[in-house]
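Single-structure report; data block below.
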Amino acid sequence: MIVIKSPAEIEKIRAAGRLLARILRTLSESITPGVTTTADLDALAAILVKEAGGRAAFKGYMGYPAHICTSVNQQVVHGLPTNRVLMSGDIVSIDMGVELDGYYADAAITVPIGEITPEARRLLDITRQALYVGIDQAQVGKRIGDIASAIQKFVERHGYSVVRELVGHGVGRKIHEDPPVPNYGKPGSGPVLREGMTLAIEPMVNQGKPQVVCLADKWTIVTEDNKLSAHFEHTVAITRKGPLILTVE
Ligand code: MF3
Ligand code: CO
């Protein structure tokens with residue numbers, strides 16, 4: 001069942017989203033290449049969300065042990081923070097869910113560490129753009145499949161692939177709600193978008209093949225071919241005036 005949110009509820013999700021956007025920016029600005037570990041980012045995220053009266057929504061979710069997901073290089077999503085030091089040339093996606101005053105927002109960014117290769121830079125640029133191509137389709141009367149196919153076509157046109165095993169989702173009263181929001185599919189398919197729906201749109205884009213595998217830690221998802229992967233995510237409300245991005249400052 002897809003939960004429709006009132007304007008007052010969307011304001012609450014926006015407040016969670018504003019906090020989340022600020023935390024993601026602060027985390028990315030805190031990284032010193034050769035010094036900062038992904039566990040450092042997790043510890044800082046825990047402090048920042050607590051200070052603001054919020055809660056890290058992933059912590060404890062299905063037993064997830066950390067406050068954020070940190071996925072480095074060929075890691076796609078759900079990377080467990082560790083004592084791994086982030087080095088110049090790495091890319092790290094930071095994914096976080098925040099609960100504030102009973103409402104949830106979800107967002108992710110992929111951050112370049114120091115100097116990265118032109119190939120990695122292009123992957124980040126295309127993945128970020130793919131998110132906005134998807135958001136453009138988040139209009140009253142369109143369908144989930146319009147978001148999904150727009151993202152897939154854009155990504156594949158640029159020579160990359162979209163991950164199939166993991167998808168976006170409704171978000172707001174819970175961290176994961178209906179409907180699933182895939183990054184692949186057919187235009188005109190799936191649920192119709194209505195005013196008051198709130199969606200986490202989150203393309204996961206691989207440099208090589210779309211296949212992924214899960215590491216022995218039972219969380220971290222990596223590309224099967226060990227090529228790079230990137231991930232950007234926003235929480236978006238469907239409104240009469242068009243898509244409203246809620247995970248911005
Ligand atoms: N960010 C993931 C998503 O959007 C959720 C990860 S929850 C975790 O679906 F607990 F598995 F990390
Ligand atoms: Co999400």
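Restricting attention to region 130-141, does a residue exist that is part of a helix (DSSP H, G or I) and under 14 Å from Lys227 (Cα atoms)? No; the residues of region 130-141 include none that is part of a helix (DSSP H, G or I) and under 14 Å from Lys227 (Cα atoms). Considering only residues in region 222-237 that are at negative phi and surrounded by fewer than 23 Cβ atoms within 10 Å (Cβ to Cβ), the one that is nearest to ligand 2 (Cβ to nearest atom) turns out to be Val222.
Out of all the residues in region 188-197, is one or more touching a helix residue (DSSP H, G or I) at 6+ places or on another chain (Cβ under 9 Å), within 16 Å of ligand 2 (Cβ to nearest atom) and touching a residue at least 24 places away in the same chain (Cβ under 8 Å)? The answer is no; no qualifying residue exists.
Within region 142-249, considering only strands (runs of 3 or more DSSP E) that don't extend past its boundaries, which have at least 2 residues that are closer than 20 Å to Thr70 by Cα and touching a Phe, Trp or Tyr at 6+ places or on another chain (Cβ under 7 Å)?
Because the criterion is at least 2 residues that are closer than 20 Å to Thr70 by Cα and touching a Phe, Trp or Tyr at 6+ places or on another chain (Cβ under 7 Å), the strands (runs of 3 or more DSSP E) in region 142-249 that meet it are 204-206.
Of the residues examined, Asn73 is not one that is more than 16 Å from ligand 2 (Cβ to nearest atom) and in contact with a helix residue (DSSP H, G or I) (Cβ under 6 Å, 6 or more places away or on another chain).
Residue by residue, here is whether (1) under 20 Å from Phe58 (Cβ atoms); (2) surrounded by 22 or more Cβ atoms within 10 Å (Cβ to Cβ); (3) more than 14 Å from ligand 1 (Cβ to nearest atom); (4) not acidic (Asp, Glu) holds:
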residue	(1), (2), (3), (4)
Leu166	yes, no, no, yes
Arg173	yes, no, yes, yes
Pro179	no, no, no, yes
Tyr184	no, no, yes, yes
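Taken over region 144-187, the criterion of being at positive phi and away from ligand 2 (no atom under 16 Å from the Cβ) is satisfied by Gly159, Gly185. Count of region 153-164 residues, restricted to those that are away from ligand 1 (no atom under 16 Å from the Cβ) and either of a type in the set (Lys, Arg) or touching a helix residue (DSSP H, G or I) at 6+ places or on another chain (Cβ under 9 Å) (or both), is 8.
Taking residues in region 56-70 that are within 11 Å of Thr38 (Cα to Cα) and among the small types (Gly, Ala, Ser), and partners anywhere that are more than 6 Å from ligand 1 (Cβ to nearest atom) and in a loop (DSSP other than H, G, I, E, B), the pairs with Cβ atoms closer than 7 Å and at least 6 places apart or on different chains are Ala66/Lys59; Ala66/Leu80; Ala66/Pro81. Is it true that some residue in region 92-108 is in contact with a helix residue (DSSP H, G or I) (Cβ under 9 Å, 6 or more places away or on another chain) and part of a loop (DSSP other than H, G, I, E, B)? Yes, region 92-108 has at least one match.
Could you grab me the full set of residues in region 56-71 that are closer than 25 Å to Val248 by Cβ and either hydrophobic (A, V, I, L, M, F, W, C) or crowded, with 24+ Cβ neighbours inside 10 Å (or both)? Across region 56-71, the qualifying residues are Ala56, Ala57, Phe58, Ala66, His67, Ile68, Cys69, Thr70, Ser71.
Every number in this text was worked out from the coordinates using simple rules, so none of it is lab data. The structure presented is a predicted model; accordingly, all values stated were derived computationally and were not measured. In this analysis, Cβ positions are derived from the backbone assuming ideal geometry, glycine residues included, and neighbour counts consider all displayed protein chains.
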